[in-house]
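Working notes, structure below.
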Amino acid sequence: MSSPASPTPARALPALAGLAAVLAGFGLAELVAGLIAPGASPVLVVGALLIDLAPVWAKELVISLFGTADKVALVVFIALVAAVLAALAGILEYRRAPFGRFVIVAAGLVALAAALTRAGASPFDAVPPVLAMVVAALVLTMLINRLRVRRAPTAATAELDRRRFLVYTGISAGAGVLAAIGGQLLTAGSRAADAARALFPLPAPSTPGTPLPAGASFDIDGLTPIITPNAEFYRIDTALSVPRIDPSTWTLRITGLVENEVEIDFAELLALPLAESTTTLACVSNYVGGDLIGNAVWLGYPIRDLLARAKPLADADMVLSRSQDGWTASTPLEALTDDRDSILAVGMNGEPLPLEHGYPVRMVVPGLYGYVSATKWVTELVVTRFDQETAYWSTRGWSQKGPVKLSSRVDVPRENASVDAGTVTVAGVAWSQHVGISAVDVQVDDGDWNPATLADAISVDTWRQWRWDWDAPSGSHTLRVRATDADGLVQTSKLADVAPDGATGLHEIRVSIS
Ligand SMILES: Nc1nc2c(c(=O)[nH]1)N[C@H]1C(S)=C(S)[C@@H](COP(=O)(O)O)O[C@H]1N2
Ligand SMILES: [Mo]
């Protein structure tokens with residue numbers, strides 16, 4: 001309850017001042033980042049720091065809650081924390097100056113540390129966070145001073161003061177929002193990578209890929225398409241802002257335990273004989289039945305052939321691939337030199353790689369989870385040893401090696417679907433990369449296992465569709481799927497979490513038949 005003598009709530013206006021001050025500082029920082037340091041916006045660098053520091057359980061929780069919207073969720077989270085801190089700073093500054101400013105300086109220093117510890121950070125990256133901190137502190141001081149009560153205010157002067165305060169607050173916040181929008185437009189405008197990608201004619205494969213077998217795909221409503229369109233392909237990475245590499249400046253270096261260091265630029269790569277291969281890519285964070293998996297036709301050059309130029313030394317057993325933003329993966333050397341289609345990919349489903357899938361060049365290695373093989377925006381291959389180097393996720397609780405586990409999924413009917421009694425088509429996909437699938441079976445409730453029909457295999461490195469026609473009796477039922485690989489290994493029903501090296505268990509769905 002506020003009495004008539006104190007018309008100004010003691011917290012609301014100072015909190016508002018804090019929010020406006022932080023918006024002004026933050027907006028200006030976005031604008032300046034857009035002008036001189038793209039990628040160094042405070043929200044992005046703090047987000048990137050959080051991503052790097054997040055423990056395995058936090059990463060898993062975020063992915064299980066938000067899926068591939070994890071980055072939007074992170075930005076919203078940072079904005080909420082910043083808003084709470086801003087409001088607190090306002091209240092503190094009003095009650096106990098200059099402690100509110102201390103809060104702002106402390107948050108600014110965190111953003112500064114985040115900016116300067118990024119891979120490839122330049123001294124310019126310090127400017128946006130420092131500016132945000134200084135501007136927010138100044139605006140906060142100015143606004144809070146406006147709030148301070150005069151000795152003996154009359155009702156009329158008090159009201160006038162309050163209005164003035166609100167006008168200044170509104171101007172600060174509005175200027176911040178406009179500046180932030182300006183910053184966004186600037187980064188969008190100076191994107192050489194987008195322009196280059198749009199103009200880049202994907203070279204034709206020098207050896208045409210084997211056409212997909214006609215029987216690779218069943219025509220069933222709701223069944224995952226055998227080739228995942230680029231727009232629907234899952235995206236997982238630590239890059240809060242997608243790296244934008246101008247291909248005319250891109251190079252790949254092969255260093256480390258090699259006889260010859262090799263360096264190749266984009267034009268040289270495109271001039272090599274490129275081939276098409278169809279490979280399924282899976283994320284280690286994919287829980288049983290999840291959708292962090294996709295299959296694409298990739299165009300690229302065998303990594304094996306580039307490594308042959310570099311001549312790895314006999315004691316090397318790993319290649320640490322590094323992306324432009326500093327992320328790393330550890331791939332067994334053997335998986336890059338044996339006969340599988342491990343490639344430096346430049347094309348995905350007939351298009352240049354989309355920016356978020358690694359433009360201009362990424363790795364694709366059949367049979368290994370993405371975190372140990374599928375480096376996007378790749379710029380360096382360090383030939384090394386597992387006992388000498390550890391990759392990004394392996395220092396964060398995930399295993400050093402990550403072969404993709406045998407698994408299968410029911411796509412139709414959908415979980416909790418209501419279906420008419422009679423013949424119901426049950427269908428899905430199964431994969432055992434680099435080994436191949438030999439059988440899929442479906443179980444209803446606790447009944448016998450029924451053999452499903454397999455679509456033709458594209459290769460052992462891609463998933464395979466399966467279907468089973470079920471004479472469905474009415475009632476509520478559980479459907480469970482189980483795959484067997486070409487070596488006779490039956491998919492285990494034992495439950496394992498995604499960490500440290502991939503989930504196991506059987507996918508089951510509930511349906512009601514009426
Ligand atoms: N540079 C970079 N490459 C990366 C990652 C990353 O965080 N940064 N994530 C990897 C992981 S964990 C997976 S599952 C695949 C996902 O590739 P996609 O986003 O094209 O589907 O990319 C891999 N390559
Ligand atoms: Mo992943």
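The values are calculated or read from the model by the stated rules, or taken from the named source; none is laboratory data. Being a predicted model, the structure only gives us computed values, none of them experimental. Methodologically, a virtual Cβ is constructed for each residue, glycine included, from the backbone with ideal geometry; neighbour enumeration extends over all protein chains shown.
Couple of notes before you dig in:
- Subset of region 392-413 (residues that are more than 10 Å from ligand 1 (Cβ to nearest atom), under 17 Å from residue 285 (Cα atoms) and surrounded by fewer than 24 Cβ atoms within 10 Å (Cβ to Cβ)): 394, 395, 396, 397, 399, 400, 401, 403, 405, 406, 409
- Matching residues, region 197-223, being small (Gly, Ala, Ser) and part of a loop (DSSP other than H, G, I, E, B): 204, 206, 209, 217, 222
- Meeting the requirement of 1 or more residues that are closer than 30 Å to residue 398 by Cβ, the helices (runs of 4 or more DSSP H) wholly within region 1-119 are 42-53, 56-66, 70-96, 99-116.
- Across region 480-495, the qualifying residues are those that are within 14 Å of residue 289 (Cβ to Cβ) and aliphatic (A, V, I, L, M), and the one among them that is surrounded by the fewest Cβ atoms within 10 Å (Cβ to Cβ) is 495.
- Number of the condition not met by residue 507 [criteria: (1) crowded, with 20+ Cβ neighbours inside 10 Å; (2) more than 26 Å from the chain's Cα centre (by Cα)]: (2)
- Residue within region 97-111 that is surrounded by fewer than 20 Cβ atoms within 10 Å (Cβ to Cβ) and under 16 Å from residue 44 (Cα atoms) present: yes
- All strands (runs of 3 or more DSSP E) inside region 319-388 with 1 or more residues being more than 12 Å from ligand 1 (Cβ to nearest atom): 328-332, 343-348, 378-384
- Pair list, Cβ < 8 Å and 6+ apart or interchain, from region 202-217 residues that are not assigned by TED's automatic domain parsing to the domain that holds residue 300 to residues that are among the polar types (S, T, N, Q): 209/277; 209/278; 212/278; 216/465; 217/465
- In region 345-361 there is no residue that is within 16 Å of ligand 2 (Cβ to nearest atom), among the β-branched types (Val, Ile, Thr), assigned by TED's automatic domain parsing to the domain that holds residue 274 and closer than 18 Å to residue 239 by Cβ.
- In this structure, residue 291 does not satisfy being among the charged types (D, E, K, R), more than 16 Å from ligand 2 (Cβ to nearest atom) and assigned by TED's automatic domain parsing to the domain that holds residue 239.
- If you check 316, 308 for being more than 16 Å from ligand 2 (Cβ to nearest atom), surrounded by fewer than 16 Cβ atoms within 10 Å (Cβ to Cβ) and of a type in the set (Gly, Ala, Ser), only one passes: 308.
- With a requirement of 2 or more residues that are within 29 Å of residue 317 (Cβ to Cβ) and within 11 Å of ligand 1 (Cβ to nearest atom), the strands (runs of 3 or more DSSP E) lying completely within region 237-306 that satisfy it span 275-282, 293-302.
- Residue, surrounded by the most Cβ atoms within 10 Å (Cβ to Cβ), within region 434-479, restricted to residues that are touching a residue at least 60 places away in the same chain (Cβ under 8 Å) and within 17 Å of residue 509 (Cα to Cα): 479
- Taken over region 368-381, residues that are within 21 Å of residue 340 (Cβ to Cβ) and either among the β-branched types (Val, Ile, Thr) or modelled with pLDDT under 95 (or both) amount to 3.
- Restricting attention to region 389-421 and to residues that are in a loop (DSSP other than H, G, I, E, B), within 15 Å of ligand 2 (Cβ to nearest atom) and among the basic types (Lys, Arg), the residue that is modelled with the lowest pLDDT turns out to be 401.
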